[in-house]
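To start, the structure under review is shown below, and the notes come after it.
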Amino acid sequence: MNIFDFAMEKEKYSEDYYRQLAAKSNNKGLETVFNMLADEEARHYEIVSDMKKDAAPDLAETTVLSDAKDIFEQIRESAKSFNFNISEVELYKKALKIEKQSRDFYLEKVNEVAEAQKEIFLKLADEERKHFFLLENIMDFVLKPQTWLENAEFYHLDE
């Protein structure tokens, strides 16, 4: 399997996994965030597919972190009580592992692609890093929602 096929397979798996997390979520805000992450992975799939075809991929800047920040702000303002099943954390840990593996894959393979594609692999690695960061924040939120929402540091999603 070549680099592009493998990357596309990883992106499709990630998209499917996030769709499953969204479907399992009992919080509308988190459901939205997981669907946003799934959409990002679908976009990555298309970028890699374009690269495989030697087409120019669309590298529009991602807004996933700022969009997630807005969603968390809406959750905070709604002042709902949060009841999460602690077993969800294991699902998020798996997602963290997937994102780390994807980031590492792009960084490892950057020297195996054409010069014009290196920048794209580095950008994809950076986007996977942002997803990892967002998932870490989701885990913190699920484990201690009131503390997380009251803590002004959640504004660091803007980086």
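The values are calculated or read from the model by the stated rules, or taken from the named source; none is laboratory data. Because the structure is a prediction, the values reported are computed rather than measured. Here Cβ is always computed from backbone atoms with ideal geometry, including for glycine, and neighbour counts include all displayed protein chains.
Summed over segment 118-147, the residues that are under 20 Å from Ile75 (Cβ atoms) and among the charged types (D, E, K, R) give a count of 4.
What are the residues in segment 57-66 that are free of Cβ contacts under 8 Å to residues at least 24 places away in the same chain and among the aliphatic types (A, V, I, L, M), if any? Give the derivation first.
Of the residues in segment 57-66, the ones free of Cβ contacts under 8 Å to residues at least 24 places away in the same chain are 58, 60-61, 63.
Scanning segment 57-66 gives a single hit, Ala60.
Across segment 1-56, the qualifying residues are those that are in a helix (DSSP H, G or I), basic (Lys, Arg) and free of Cβ contacts under 8 Å to residues at least 40 places away in the same chain, and the one among them that is surrounded by the fewest Cβ atoms within 10 Å (Cβ to Cβ) is Lys28. Taking the condition buried (at least 16 other Cβ atoms within 10 Å of the Cβ) and out of contact with any Asp or Glu (no Cβ under 8 Å at 6 or more places or on another chain), does Ile98 pass? Here the answer is yes, as Ile98 does meet what is asked. Scanning segment 85-114 for residues that are β-branched (Val, Ile, Thr) and either in contact (Cβ under 8 Å) with a residue 24 or more places away in the chain or not in a helix (DSSP H, G or I) (or both) turns up Ile86, Val89, Ile98, Val113. Checked across segment 145-152, the condition of being surrounded by fewer than 19 Cβ atoms within 10 Å (Cβ to Cβ), at pLDDT below 90 and not in a helix (DSSP H, G or I) holds for at least one residue.
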